[in-house]
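**Student:** Sending over a structure as C-alpha cells; questions will come in a sec.
The values are calculated or read from the model by the stated rules, or taken from the named source; none is laboratory data. Because the structure is a prediction, the values reported are computed rather than measured. We place every Cβ from the backbone using ideal geometry, glycine too, and count neighbours over all the protein chains shown.
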Amino acid sequence: MPSFVTVEVAFEAAHRLHNPERSKEWNRRTYGKCNNPHGHGHNYVLEVTVGGEIDPETGYLIDMSQLKQLIRERVVDEVDHRFLNIEIPWLEGVIPSAENLARAFYFRIRPALDESLKLENVTVHETPRNRASFKPSEASSGQS
C-alpha cells in the first residue's frame, strides 16, 4: 500500500500573462492587470507530493530534506527572483499561469526522482488563496 510525502518550497518570481497569438485588446480583456507589459510578482509556494513504499530499514518513503534539495536544484534555483517569461529557457513559449507552471515543474522534477517513487502531484500556490495543481493521468506518457 503506497504512502505519500508532501513538501513545500517557496520562491519569488515575476511573470506576465500574455498570449502573443492574440490581440493586445484580447490580452487586456482576458488577463486584466496580470497582462501588465512590465510583469508583476508573486511569492509562490511549490508543493510536491510523491508516493511509494516506505523503506523498512529507514522508515522513509524519501528523506524530505533530499526531496526539497531536488526541487530546489531542478526548479527553484532557476526560477527564484526571475522574470519567468524572459529568463527561463525551458518556459519559452509557455504562458506562465499557475496551471502551466505546475505542469512544467512536474516535468522538470519527475526525471530526477528515483524510479521507485511516483510523482503524484505538483501544486503552485500563486497567492495564499489561489493555486493550481498538475497530476497526470495514468495514460499520459510524457510532456506534450
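**Student:** Quickly run through the range 65-93 and pick out the residues that are among the basic types (K, R) and outside any helix (DSSP H, G or I). Walk me through how you get there before you give the answer.
**Tutor:** First, the residues of the range 65-93 that are among the basic types (K, R): 68, 72, 74, 82.
Selection gives R82 alone.
**Student:** Run L61 past the list (1) over 16 Å from the mean Cα position of the chain (by Cα); (2) free of Cβ contacts under 8 Å to residues at least 12 places away in the same chain and report the number of the one that doesn't hold.
**Tutor:** (2)
**Student:** Filter the range 94-144 for residues that are of a type in the set (D, E) and outside any strand (DSSP E or B); which is modelled with the lowest pLDDT? Please lay out each step first, then the result.
**Tutor:** Of the residues in the range 94-144, the ones of a type in the set (D, E) are 99, 114-115, 120, 126, 138.
Now narrow it down to the ones that are outside any strand (DSSP E or B): 99, 114-115, 138.
Numbers: E99: 98, D114: 94, E115: 93, E138: 55.
Among residues in the range 94-144 that are of a type in the set (D, E) and outside any strand (DSSP E or B), the one modelled with the lowest pLDDT is E138.
**Student:** Now a separate question. Can you confirm whether T30 is within 19 Å of the chain's Cα centre (by Cα), of a type in the set (V, I, T) and farther than 15 Å from E126 by Cβ? Even if it seems obvious, please write down each step before you answer.
**Tutor:** Values: within 19 Å of the chain's Cα centre (by Cα): no; of a type in the set (V, I, T): yes; farther than 15 Å from E126 by Cβ: yes.
Taking the combined requirement at face value, the residue does not satisfy it.
**Student:** Which of the residues spanning the range 67-88 are over 23 Å from P136 (Cβ atoms), out of contact with any Pro (no Cβ under 8 Å at 6 or more places or on another chain) and not aromatic (F, W, Y)? Explain how you work it out, then say what you get.
**Tutor:** Here is the first cut: in the range 67-88, the ones over 23 Å from P136 (Cβ atoms) are 69, 77, 80-83, 85-87.
Now drop any that are not out of contact with any Pro (no Cβ under 8 Å at 6 or more places or on another chain), which leaves 69, 77, 80-83, 86-87.
Of everything in the range 67-88, those that are over 23 Å from P136 (Cβ atoms), out of contact with any Pro (no Cβ under 8 Å at 6 or more places or on another chain) and not aromatic (F, W, Y) turn out to be Q69, D77, D80, H81, R82, I86, E87.
**Student:** Sort out which residues of the range 64-83 are surrounded by 14 or more Cβ atoms within 10 Å (Cβ to Cβ) and either of a type in the set (A, V, I, L, M) or in contact (Cβ under 8 Å) with a residue 40 or more places away in the chain (or both), and write them in order of number.
**Tutor:** Once the filter is applied, which keeps residues that are surrounded by 14 or more Cβ atoms within 10 Å (Cβ to Cβ) and either of a type in the set (A, V, I, L, M) or in contact (Cβ under 8 Å) with a residue 40 or more places away in the chain (or both), the range 64-83 yields L67, K68, L70, I71, R72, V75, V76, V79, D80, R82, F83.
**Student:** Out of L61, L91, L84, report the one residue that is in contact with a His (Cβ under 6 Å, 6 or more places away or on another chain) and modelled with pLDDT of 95 or more. Explain how you work it out, then say what you get.
**Tutor:** Numbers: L61 fails: in contact with a His (Cβ under 6 Å, 6 or more places away or on another chain); L91 fails: in contact with a His (Cβ under 6 Å, 6 or more places away or on another chain).
L84 is the lone residue from the list that is in contact with a His (Cβ under 6 Å, 6 or more places away or on another chain) and modelled with pLDDT of 95 or more.
**Student:** Mind telling me which of the residues I54, I62 ends up being of a type outside the set (D, E), over 19 Å from R129 (Cα atoms), touching a Gly at 6+ places or on another chain (Cβ under 8 Å) and part of a loop (DSSP other than H, G, I, E, B)? Explain how you work it out, then say what you get.
**Tutor:** On the way: I54 fails: touching a Gly at 6+ places or on another chain (Cβ under 8 Å).
Just one listed residue meets the conditions, I62.
**Student:** Looking only at the range 11-52, count how many residues are within 30 Å of E73 (Cβ to Cβ), out of contact with any helix residue (DSSP H, G or I) (no Cβ under 8 Å at 6 or more places or on another chain) and hydrophobic (A, V, I, L, M, F, W, C).
**Tutor:** Going through the range 11-52 one residue at a time, the tally reaches 2.
**Student:** Can you spot a residue in the range 14-31 that is assigned to a loop (DSSP other than H, G, I, E, B), among the hydrophobic types (A, V, I, L, M, F, W, C) and within 21 Å of S133 (Cα to Cα)?
**Tutor:** Initially, the range 14-31 is screened for residues assigned to a loop (DSSP other than H, G, I, E, B), giving 16-23.
The next check asks that each one be among the hydrophobic types (A, V, I, L, M, F, W, C); those that pass are 17.
Filter once more, so that each one left must be within 21 Å of S133 (Cα to Cα): 17.
Yes.
**Student:** Do we find a residue being of a type in the set (D, E) and exposed (fewer than 12 other Cβ atoms within 10 Å of the Cβ) anywhere in the range 1-18?
**Tutor:** Of the range 1-18, the ones of a type in the set (D, E) are 8, 12.
Okay, now just the ones that are also exposed (fewer than 12 other Cβ atoms within 10 Å of the Cβ), so none.
No.
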